[in-house]
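The values are calculated or read from the model by the stated rules, or taken from the named source; none is laboratory data. Please read these numbers as outputs of a predicted model, since none were measured by experiment. Positions of Cβ are generated from backbone atoms using ideal geometry, with glycine treated the same way; all protein chains shown enter the neighbour counts. When the accessible area is computed, the model is the full protein with side chains, heavy atoms only, and any ligands, DNA or RNA have been set aside. Shrake-Rupley method; radii C 1.70, N 1.55, O 1.52, S 1.80 Å.
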Amino acid sequence: MGKLRAGLIGLGMMGRHHARVLQETEGVELVAVADAYGDPHGVAGGLPFYNRVEQLIDHGLDIVMCAVPTGLHEEVGLALAEAGIHTMVEKPIASTIEGGQRLADAFEGRGLVGAVGHIERYNPALQSLRARLQKGDLGEVYQIATRRQGPFPSRIADVGVIKDLGTHDIDLTAWLAESHYESVSARTTTRSGREHEDMLAATGQLANGIITSHLVNWLSPMKERMTVVTGERGSFVADTLTADLTYYENGTISTEWDSVANFRGVSEGDVTRLAIAKREPLKVEHEAFRDAVLSARGEAPGDSGSGAAIVSMREGLNTLRVAEAMAASGREARTIRLQD
């Protein structure tokens, strides 16, 4: 079978990485690129270059990676859906819930594969962690806590830290827990002189009872990307910057200190840094999208399939709903309950 003819629209910081990975993905051929603002990183090379999505569509494509600014996701995505092209958009799905709803409806209504690029799901540390949770390695899970902090990225201008960074943690938390958010309570602040929030502290509860906490900001001089899952048998700590996964086991120790010995809680056990294969998350994400498209066309992905699943537009829309609820909670200083 021939390769999937791929297009890329949006040639900024993420676009250049998507271009590289599309050219490396087996069964996919990048045949054209587009960006209304030019090609600052020289992504096009010898490929046909266009200024508008309509020109890209006319080139004849099977799939498109949409890496334009968030505010353009809806316009570009709807044009691609109308043209019958399977599409993956960068996260978040759209700048508004209404826009995300229209995108999800458009792709589902036409039987097209619509995906959202929540890349953290494909981080090897989190892929391994989810598999271990599904096997019951922690027993009952009590809490999922995330920290995503670092300096301000000059490339982001159209959304705040919740939609840019916080959506990573909202998505990965619901995915790890295999449950949806029931309520959120957040506090936000704006210190950088922009209209959007740049710091978030949020707590939440999922439908299955797991509690969550999230620290997200653009105001820290150090970069941190941590996910801690705590359950009855211990804690997993995933560092997604290094793709390391560490298991802290609940142990049993003896002590002569009565006040400690009488505490019916946990104790320190073995600490194990787990050995896991470390493939580039962006490559796994594109393989998952390719395989979903092939499956929709009735074709088998072959031996190069990663086995990972896409993040559907409906899932991306649910993540955006939670992000909007966190932003509203921060503005209104109240807990917000979400509908299923």
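Numbers at a glance
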{"item": "Flag if Asp58 is over 24 Å from Gly99 (Cα atoms) and of a type outside the set (Gly, Ala, Ser)", "result": "yes"}
{"item": "Pair list, Cβ < 8 Å and 6+ apart or interchain, from segment 319-340 residues that are in a loop (DSSP other than H, G, I, E, B) to residues that are polar (S, T, N, Q)", "result": "Arg334/Ser185; Thr335/Ser183; Thr335/Ser185; Thr335/Ser329; Leu338/Ser183"}
{"item": "Any strands (runs of 3 or more DSSP E) falling wholly within segment 152-244 and containing at least 3 residues that are free of Cβ contacts under 8 Å to residues at least 60 places away in the same chain", "result": "199-206"}
{"item": "Hey, Leu215 buried (at least 24 other Cβ atoms within 10 Å of the Cβ), modelled with pLDDT of 95 or more and touching a Lys or Arg at 6+ places or on another chain (Cβ under 8 Å) or not", "result": "no"}
{"item": "Top-ranked residue of segment 118-142 - restricted to ones that are touching a strand residue (DSSP E or B) at 6+ places or on another chain (Cβ under 6 Å) and surrounded by fewer than 19 Cβ atoms within 10 Å (Cβ to Cβ), ranked as nearest to Val228 (Cα to Cα)", "result": "Tyr142"}
{"item": "Close pairs (9 angstrom Cβ cut-off, 6 or more residues apart or separate chains): touching a residue at least 40 places away in the same chain (Cβ under 8 Å) in segment 52-68, loosely packed, with under 15 Cβ neighbours inside 10 Å and basic (Lys, Arg) anywhere", "result": "Asp62/Lys3; Asp62/Arg297"}
{"item": "Condition broken by Ala288, with the remaining ones in (1) touching a helix residue (DSSP H, G or I) at 6+ places or on another chain (Cβ under 6 Å); (2) crowded, with 19+ Cβ neighbours inside 10 Å satisfied", "result": "(1)"}
{"item": "Residues that are of a type in the set (A, V, I, L, M, F, W, C), touching a Lys or Arg at 6+ places or on another chain (Cβ under 6 Å) and crowded, with 19+ Cβ neighbours inside 10 Å, drawn from segment 218-244", "result": "Ala243"}
{"item": "Subset tally (residues that are out of contact with any Leu (no Cβ under 9 Å at 6 or more places or on another chain) and crowded, with 21+ Cβ neighbours inside 10 Å) for segment 63-75", "result": "2"}
{"item": "Failed item in (1) exposed (fewer than 15 other Cβ atoms within 10 Å of the Cβ); (2) modelled with pLDDT under 90; (3) assigned to a loop (DSSP other than H, G, I, E, B), with Gly305 passing the rest", "result": "(1)"}
{"item": "Unmet criterion (only one of (1) of a type in the set (D, E, K, R); (2) within 16 Å of Pro92 (Cα to Cα); (3) not in a loop (DSSP other than H, G, I, E, B)) for Arg132", "result": "(2)"}
{"item": "Within segment 37-59, considering residues that are modelled with pLDDT of 95 or more and assigned to a loop (DSSP other than H, G, I, E, B), the one farthest from Leu11 (Cα to Cα)", "result": "His59"}
{"item": "Qualifying positions in segment 218-230 - hydroxyl-bearing (Ser, Thr, Tyr) and either modelled with pLDDT under 95 or closer than 7 Å to Gly150 by Cβ (or both)", "result": "Ser220"}
{"item": "Options Ala145, Ala115: the member that is open to solvent by 10 Å² or more (accessible area, probe 1.4 Å) and part of a strand (DSSP E or B)", "result": "Ala145"}
{"item": "Filter pass, Val184 being out of contact with any helix residue (DSSP H, G or I) (no Cβ under 8 Å at 6 or more places or on another chain), open to solvent by less than 20 Å² (accessible area, probe 1.4 Å) and among the aliphatic types (A, V, I, L, M)", "result": "no"}
{"item": "Segment 77-112, residues that are open to solvent by less than 30 Å² (accessible area, probe 1.4 Å) and under 17 Å from the mean Cα position of the chain (by Cα)", "result": "Thr87, Met88, Val89, Glu90, Lys91, Pro92, Ile93, Ala94, Gly100, Ala104"}
